[in-house]
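Okay, structure first, notes after.
None of the figures in this text is laboratory data; all of them are computed from the coordinates on show. No experiment lies behind these values; they were computed from the predicted model shown. Ideal geometry is used to build each Cβ from the backbone, glycine not excepted, and the neighbour counts take in all protein chains shown.
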Amino acid sequence: MSGDPLAGATPELLLKTASDVVRKVQKRSTFFDPQREAVFPHFDMNELVLGRVLGRGAFSVVREVKKIDLNRSGRGATIEKNKGQQSSGESEYADEAYMKAFSRNFVAGRCAKGEAARYAIKILSQECKDNNQLFLQGTVDLAVESKFLAVLEHPHIIKMRGMASVSPFEGDFFILLDRLYDTLEQRLKKWKKTSRQAKSVIGSMTGGKKKKNALEVEQILTAYDLSTAMKYMHSKNIIYRDLKPENIGFDIRGDVKIFDFGLSKELHDKDQDENGLYKLTGFTGSLRYMAPEVALGKPYNLSADIFSFGIMFWSIMALEVPFAEYSTKMHDNLVVRKGYRPAKHKSWRKEWFQLMEDCWSTNPHKRLDFTQVTKILSKEADEVRDGHDGINTVDLDVSVRGQRNAEK
């Protein structure tokens with residue numbers, strides 16, 4: 001096939017190669033947990049009643065799951081039966097309540113909330129399967145993502161609820177995820193419309209200032225919640241590498257979630273150079289949010305995510321796409337090499353722009369870390385919402401939006 005350097009490879013060879021790659025990643029990992037992976041319920045593809053396509057990525061397609069019709073004699077049921085027989089008190093995951101929450105019946109029974117679907121599946125796209133190079137990379141990425149999501153546990157990271165009854169290296173593997181109803185990219189457009197209405201003459205006569213204040217609360221809380229998720233990942237030495245509004249979503253309750261862990265990587269201290277940097281794949285992620293050292297193919301570390309967060313925080317507060325008018329060549333010359341950054345808005349608190357500048361420094365060693373970012377945003381959340389929604393404190397690593405939902 002034209003443009004496919006692996007055109008002559010058989011599917012069996014590609015799957016074996018993918019398996020070997022993932023096995024090596026698994027062997028080096030101190031984070032992945034095969035025992036935890038085994039707890040998740042497994043489903044046959046023919047048990048899922050699929051709805052519309054929700055999104056497409058470089059390798060995968062995400063589809064809504066409308067219903068799960070369990071087959072008591074299928075492969076997924078057999079895996080669960082064997083899992084129950086093999087469970088022992090020695091496993092930290094053998095607790096009865098824990099096992100119930102990870103049972104096929106439990107997950108299938110919670111497939112919908114009224115008319116709204118709770119779940120979606122992520123599976124390799126047909127376009128990916130038709131190109132051997134994409135198929136190899138996509139198979140590896142989806143397998144590794146399932147390993148990350150089996151262990152990552154944070155209120156602002158998307159939850160995996162199950163996976164295919166076939167292995168990632170047998171074909172037609174999928175992961176079952178919480179369905180998201182909005183991306184941050186879409187939410188920013190809605191917020192911009194709200195902001196314009198609040199600033200209009202009519203808006204000024206119909207509570208525009210109150211709407212503007214409420215919007216600022218939502219913007220800051222969203223940034224805060226995301227920073228806690230990133231702080232958690234970095235505490236596990238995991239670099240995300242693709243932080244952007246398109247990879248941030250909102251679930252059925254309105255809670256913000258980071259999703260798509262295809263580019264995430266576990267870092268190992270012994271691989272650091274004398275400057276605390278790692279030789280990793282360059283030009284990884286989306287150029288608009290990419291740290292200069294990543295774009296230039298230089299060694300980098302967790303601080304590359306901080307740079308991306310700084311640019312994204314600007315986008316959240318400005319309700320604009322950063323560097324929207326820049327061509328790739330302009331971006332490389334002005335942003336990557338000359339240090340151009342987005343401009344401050346006059347209406348902003350000075351602390352917001354200071355935080356952005358402290359995140360997007362050209363020097364990786366001068367950037368903040370996410371522990372510092374969460375503290376600053378916690379304080380800013382207190383400032384902007386004071387007197388607006390009745391919450392008295394913003395506890396670090398606790399979703400304020402979740403507190404509000406609980407109080408409703």
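Structure notes:
- Across the chain, the relative contact order, built from alpha-carbon pairs under 8 Å that are at least six residues apart, equals 14 percent.
- Calculated FRET value between Lys375 and Arg196, using beta carbons and R₀ = 51 Å, to 0.05: 0.95
- If you model region 11-178 as an ellipsoid using its alpha carbon gyration tensor, with each semi-axis the square root of five times an eigenvalue, the axes come out at 24, 21, 15 Å, biggest first.
- Calculated FRET value between Asn333 and Asp382, using beta carbons and R₀ = 45 Å, to 0.05: 0.65
- Ordering of 301-313, 122-134, 238-250 by packing is 301-313, 238-250, 122-134, highest average first (other Cβ atoms within 10 Å, averaged per residue).
- Loop chymotrypsin sites (Phe, Trp or Tyr not before Pro), region 327-376, which have at most 15 other Cβ atoms in a 10 Å radius of their Cβ (DSSP): Tyr340, Trp348
- Peptides 289-299, 185-195, 26-36 ordered by packing proxy, namely the average of other Cβ atoms within 10 Å per residue, highest first: 289-299, 185-195, 26-36.
- If the convex hull is drawn through the Cα atoms of the chain, its volume per residue in Å³: 173
- Modelled spin labels at Lys27 and Gln186, positioned 7 Å past Cα toward Cβ, are 4.3 nm from each other.
- 30 Å Cα-Cα threshold exceeded, pairs from Lys24/Lys231; Lys24/Lys83; Lys122/Lys375: Lys122/Lys375
- Helices meeting the span-like rule in the chain (full DSSP H runs, Cα extent of at least 15 Å along the helix axis, mean Kyte-Doolittle score of 0.0 or higher): 132-151, 303-318.
- Each label point was placed 7 Å from the Cα along the Cα-to-Cβ direction; for Thr10 and Asp172 their separation is 2.0 nm.
- 24 Å Cα-Cα reach of Lys329 towards lysines, excluding residues that sit fewer than 8 places from it in its own chain: Lys244, Lys298, Lys338, Lys344
- For region 126-173, averaging the sequence separation of C-alpha pairs within contact (under 8 Å, six or more residues apart) and dividing by the residue count gives a relative contact order of 25 percent.
- Where only DSSP H runs of four or more residues are counted, the chain gives -13000 deg cm²/dmol as its mean residue ellipticity at 222 nm, each run worth -39500 (n - 2.57).
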